[in-house]
Amino acid sequence: MINVRITRASAKGTIVGFSVKGHADYARNGKDIVCAGVSTVTVGTVNSIEKLTGVALDTSMKDGFLSGTLVPVNDPETSAKIQLLLESMVVMLEGIAISYRKYVQIQEVII
């Protein structure tokens, strides 16, 4: 199962980080559309944030694991763009989780 954890700041509910770990085991390696979908959404979001805002998240990636933590951003416009991209990621992951409940679990944590 793929476990997604979305971390939000308690003050505003803004996303401050996320982690994705595990394998869906929906199909054999190389044919697993659930893993491919989750990977595409999460890695694509990290890449989009960097390319579209110039901000690099603090990330860690290895087999079956990706985490991203938002670094301090002083520009409100840039921060809003990053939040939009992260919220979009959550919407896409929720869509995958609805279709493949047995393979993807999403947890939101407020710190």
Check your understanding: Counting only protein heavy atoms, what percent of the accessible surface of segment 6-111 is carbon or sulfur at a 1.4 Å probe?
Key -> 54
**Study point:** the chain - mean residue ellipticity at 222 nm from DSSP helices (-39,500 (n - 2.57) per run, n ≥ 4, rounded to 500)
**Key:** -14000 deg cm²/dmol
Study note, to complete from the structure: Answer in debye to the nearest 20: the dipole magnitude of the chain about its Cα centre, from +1 Lys/Arg and -1 Asp/Glu charges placed on Cβ, is 320
Point to revise | Spin-label pair D75/R28, simplified geometry with 7 Å Cα→Cβ offset, distance in nm | key: 4.9
Practice item. State the answer as a single residue: which of V104, I15, S48 lies farthest towards the positive end of the charge dipole of the chain, with beta carbon charges of +1 for Lys and Arg and -1 for Asp and Glu, about the Cα centre. Key: V104
Review point. Measuring with a 1.4 Å probe in the full set of protein chains, what accessible area per residue, in whole Å², belongs to the chain?
Key: 60
Review point. Separation between the M61 and E94 pseudo-spin-labels, each 7 Å from Cα along Cα→Cβ, expressed in nm?
Key: 2.5
Study note, to complete from the structure: With R₀ set to 22 angstrom, the calculated FRET efficiency between the beta-carbons of Q105 and S10, to the nearest 0.05, is 0.50
Study note, to complete from the structure: With the dipole of the chain defined by +1 on each Lys or Arg Cβ and -1 on each Asp or Glu Cβ, the option from M1, L66, G37 whose Cα lies farthest towards the positive pole is M1
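The values are calculated or read from the model by the stated rules, or taken from the named source; none is laboratory data. Because the structure is predicted, anything quoted here is derived from the model rather than measured. Here the Cβ is made from the backbone with ideal geometry for all residues, glycine too, and neighbour counts use every protein chain on show. Remember, those area values only see protein heavy atoms, side chains included, never the ligands or the DNA or RNA. Shrake-Rupley method; radii C 1.70, N 1.55, O 1.52, S 1.80 Å.
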